[in-house]
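Q: This is the structure I have questions about; it appears just below.
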């Protein structure tokens, strides 16, 4: 049961938020001057994170990485009103989970990603409100207490490339156990 709960927590983090990491060693500023409006095809989705919990005095830590395969996902940005729309997107999410020295790889198909959200931009911070990234799944992914629309950092925005990163960390309680988690997600798009 713990393994199933941990898998659910891992999926929760990997799918509820798009979290991206930046290269902290780079001293060159990235170009973020491009125009956000238009159609963007998702070409890469990567994530990594960890979950920890103490159960009956024993600390359990799970680490995970994920990447999207077989991506069919177009995100359209429009203005007046500012909308971010995806219709019938899909991808396979491959997740490698490591817990107690044991590694497991699973793949879950995410279908029917339909969303329409409002967006705002303040410098290189992109924020969404509304239904951003909705998808159908047979697994419970979202916890009511998790913010499904974190702020995204625009790492790069040129005439042909958009790279977004975000991170989420929080604590949730499930079946009386407190779980601390953190996740980082990086999304790379190409203009079409």
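Taken together, the values in this text are just the output of simple stated rules run on the coordinates, not laboratory data. The structure presented is a predicted model; accordingly, all values stated were derived computationally and were not measured. Ideal geometry is used to build each Cβ from the backbone, glycine not excepted, and the neighbour counts take in all protein chains shown.
Q: On alpha carbon coordinates alone, what is the Rg over Rh value for the stretch 30-109, Rh being the Kirkwood radius?
A: Reported Rg/Rh, Kirkwood definition of Rh: 1.16.
Q: Listing 79, 116 from the residue with the fewest other Cβ atoms within 10 Å to the one with the most, what is the order?
A: So the residues, fewest neighbours to most, are 79, 116.
Q: Using Cβ contacts closer than 10 Å as the measure, can you line up 69, 164 from fewest to most?
A: With the fewest neighbours first, 69, 164 line up as 69, 164.
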